[in-house]
Amino acid sequence: MIIISFINMKKVSILIILIFVFVFGSACTKKESKVVKNKFEQKNQIAEENKKNLIGGDRSDHNCLVSAGYSWCDLKSKCLRFWEEPCLSDVEISAVQEYINKNISELSSKKEVLGGKFYVTNIRFNSPGSITVDYEDGHIALRAQAEYEYSNSMIVITSFIVEGDKSAGDKNNLALELVKQLGNEIFNLDEMEEAKQMVVKWNTEGDEIAYTGYGISYGGEEGSREVFEMYLNLLDEMKKQGFKTDEYNTVSDKKEISISRIKKDLIVCNVIKSETKTSSNLELRCADWPEMDNIK
């Protein structure tokens, strides 16, 4: 009886040990699983934050990534990049497209070849009043930078410059280098598009002359402090480099638009800051001064 009792006690002891091992092991496994899960969730959270900050961390009051070129559009109630989706009414967009399509042959300084007829393949809105037009005639394909004014459902094209036209040519090397330099220093050009052909204006005693040059632009929300500070920094840097105006090109400084026409040696530049109901915009345009062709 004593032997049997001892054997039974031994079996009970082994059973208790097995139960303890099972319970303790399960608890440890759950704890380790929870730790792994927490680490995994933390890793995912960090990755998500990094993803959000990948293209810039500066956000506006409407949570738009300003440093990536996004600004708030009241008209469409969302953040957008103007050159990807213009903050314009459908009526204005349609009016511009219709006018360009109907008048492309008259607007182009280059003429059709081999009996072809120009037709528009794409119109891209870069900033308020500024567009890029791609067109061809079946034989040659061209691109132009155009500016327009829209009022009372009417479109007025103020400039239409075909890329590669001789009026820009290689003569704008100094202007292009300056635009690239200030683009990197002031505009953070690596976060934006490359410099493109734009109209540069200069006043003489009795006339306003328009030239083909190069320019860059930057947009932010209405009343953007960033755009205003960028504007002041740009003017300050150009002043340090020796740019000045003259009696015929006094600074036009209004709430809606500020225009500074300045010149140094062989380069003339326009610095333009404009305000709309939905955005603040800044442009730098420069052209080489010697032997520039009047394209007005």
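Taking the stretch 194-212, which residues are among the aromatic types (Phe, Trp, Tyr) and either outside the structural domain of LYS263 (by TED's automatic domain parsing) or more than 24 Å from TRP83 (Cβ to Cβ) (or both)?
Result: TRP202, single match.
Determine whether ALA144 is at pLDDT 85 or above, in contact with a Phe, Trp or Tyr (Cβ under 8 Å, 6 or more places away or on another chain) and more than 28 Å from CYS73 (Cα to Cα).
No, not satisfied.
Filter the stretch 227-262 for residues that are surrounded by fewer than 17 Cβ atoms within 10 Å (Cβ to Cβ) and among the charged types (D, E, K, R) and give the result.
GLU229, ASP236, GLU237, LYS239, LYS240, LYS244, ASP246, GLU247, ASP253, LYS254, LYS255, GLU256
Residue check, LEU178 against (1) at pLDDT 85 or above; (2) in a strand (DSSP E or B); (3) crowded, with 21+ Cβ neighbours inside 10 Å; (4) not basic (Lys, Arg), all met but one. Which one?
(2)
Quick test of your reading of the structure: ASP190 fulfils all but one of (1) modelled with pLDDT under 90; (2) among the acidic types (Asp, Glu); (3) buried (at least 16 other Cβ atoms within 10 Å of the Cβ). Name the failing condition by number.
With (1) modelled with pLDDT under 90; (2) among the acidic types (Asp, Glu); (3) buried (at least 16 other Cβ atoms within 10 Å of the Cβ) applied to ASP190, the lone miss is (3).
The values are calculated or read from the model by the stated rules, or taken from the named source; none is laboratory data. Treat the numbers as computed from the prediction; the structure is a model and nothing was measured. Virtual Cβ from ideal backbone geometry, glycine too; neighbours counted across all protein chains shown.
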